[in-house]
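Right, one structure below, let's go through it.
Derivation of every value follows stated rules applied to the coordinates shown; laboratory data play no part. No experiment lies behind these values; they were computed from the predicted model shown. When we count neighbours, we look across all protein chains shown, and the Cβ atoms used for this are built from the backbone with ideal geometry, even at glycine.
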Amino acid sequence: MEPVSGIHHVTAITSSAEKIYEFFTHILGMRLVKKTVNQDDIHTYHLFFADDKGSAGTDMTFFDFPNVPKGRHGNDEVSRTAFRVPDNEALNYWLERFDKYDVHHEEIQTVFGKQVLPFVDFDGQQYQLMSDEGNEGVASGTPWEKGPVPLAHAITGLGPVTLTYSDYDYIKAVLEQVYGMQEIAQEGERYLFEMGEGGNGAQIIVEIDKSLPPHQEGAGTVHHVAFRLKDKKAIDQWIERYRQFQLPNSGFVDRFYFKSLYARITRGILVELATDGPGFMGDEPYETLGEKLSLPPFLERDREAIEAQVRHIDTVRSTQVFIKE
């Protein structure tokens, strides 16, 4: 059976599609590679920010549910998303950039031997930049060539995702026995698990905290994390694997841009398995990725009604020139 090979994407909830577009495009310098709608709630935008080519393992995506309340961080949560940058020097660049754009951040720290820079967005969504210096394992992506961040310092993909939970034995059993990961390091009540080829793009950090109340989903929290699989055949194998573990799941879901399978491993943590392809350039050319409202074929027939219901967001960048600073 094909094992999971790394982080595929992270999907979060935002209070404003417009503001998250500005934050990821102009401050973080990640490329909007798809502007579509939530396939389960077509009144809601689904925005995909990734590397220059929309590669698997590089995208952070957002739902903007109308009038969604602010979330609360706590226990039983996908609590922090990491982004990979080329080296330690890049983190010094980002310190200055965050200060320039008034992004709330902490100081550079060391976590499991890697330098990181924690920060939050306007919703309180928790992130960290992680240096790839000395990293081995799953390759990262390609920085956005025409974005505002110098390529030597730019974000190239997703790093370790942090889970906050109260029961170490349970979450360890799920990650190791169901998903085939290995625990490779410990720092106090923080544990590092690895899958596939390993490295920053294939790791999960587990923080054990018995004192926190359960998190409350809303703006500023993660909806789910997705792990990488190769193809539809692997999805079918995992449906059978979930059956063997008696783990309730969604069954096969065709998201058009990738194939998926969902399972809730705890009350608050939803895991998706997603295929690396077909990807985001099947319905838009490279030059104008994310500039129009893209709809999968089964929603295309409803385009007129959908466009009448979702507000217009100007995401045209092919006619703009971003000054790298």
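Mind telling me which of GLU22, GLU77, GLU189 comes out most flexible in a GNM of the chain, alpha-carbon contacts under 10 Å?
Sorting by GNM fluctuation, first place goes to GLU189.
Taking other Cβ within 10 Å of each residue's Cβ, how do LEU117, LEU192, LEU212 sort, fewest first?
The order, fewest Cβ neighbours first, is LEU212, LEU192, LEU117.
Any idea what the relative contact order of segment 7-309 is, in percent, if you count C-alpha pairs under 8 Å spaced at least 6 apart?
Rounded, it is 23 percent for segment 7-309.
Take the cross-link list LYS259/LYS324; LYS233/LYS292; LYS19/LYS53; LYS35/LYS232; LYS70/LYS324; LYS70/LYS259 and give me the ones stretching past 27 Å between alpha-carbons.
Long pairs (Cα-Cα over 27 Å): LYS259/LYS324; LYS233/LYS292; LYS70/LYS324; LYS70/LYS259.
In nanometres, what is the gap between the two model label sites at GLN39 and ASP231, each 7 Å from Cα along Cα-to-Cβ?
Label at GLN39, label at ASP231, 1.9 nm between them.
Which residues in segment 83-122 have a backbone N closer than 15 Å to a point placed 7 Å from the Cα of GLU325 along the Cα-to-Cβ line?
Of the residues in segment 83-122, 94-103 have backbone N under 15 Å from the label point off GLU325.
Computed on alpha carbon atoms, what radius of gyration and Dmax characterise the chain, expressed in Å?
According to the Cα coordinates of the chain, Rg and Dmax are 18.7, 54 Å.
Mind sorting THR162, THR221, THR315 by how few other Cβ atoms lie within 10 Å of their own Cβ, fewest first?
Numbers: THR162 22, THR221 25, THR315 18.
Listing THR162, THR221, THR315 from fewest to most nearby Cβ atoms yields THR315, THR162, THR221.
May I ask you to evaluate 6.51 cos²θ - 1.76 cosθ + 1.60, the Karplus curve with θ = phi - 60°, for each residue of segment 271-282 and list the ³J(HN,Hα) values in order in whole Hz, giving x for glycine and proline?
After applying 6.51 cos²θ - 1.76 cosθ + 1.60, I find 10, 10, 9, 9, 7, 5, x, x, x, 9, 9, x Hz.
Roughly how many debye, to the nearest 20, is the charge dipole of segment 7-309 about its Cα centre, given +1 on each Lys and Arg Cβ, -1 on each Asp and Glu Cβ, and no other charges? All intermediate terms of the calculation are to be shown ahead of the outcome.
Values: 29 positive and 48 negative charges, 130 e Å.
Value, rounded to 20: 620 debye.
Of all beta bridges DSSP finds with both residues in the chain, what is the antiparallel percent, to the nearest 5? Intermediate values should be presented prior to the final figure.
Details: 51 of 74 bridges.
Here the antiparallel bridges make up roughly 70 percent for the chain.
Can you tell me the FRET efficiency between ASP99 and HIS26 if r is taken as the Cβ-Cβ distance and R0 is 22 Å, rounded to the nearest 0.05? Spell out each step's value before the answer.
On the way: r = 16 Å, r/R0 = 0.71.
So the FRET efficiency works out to roughly 0.90.
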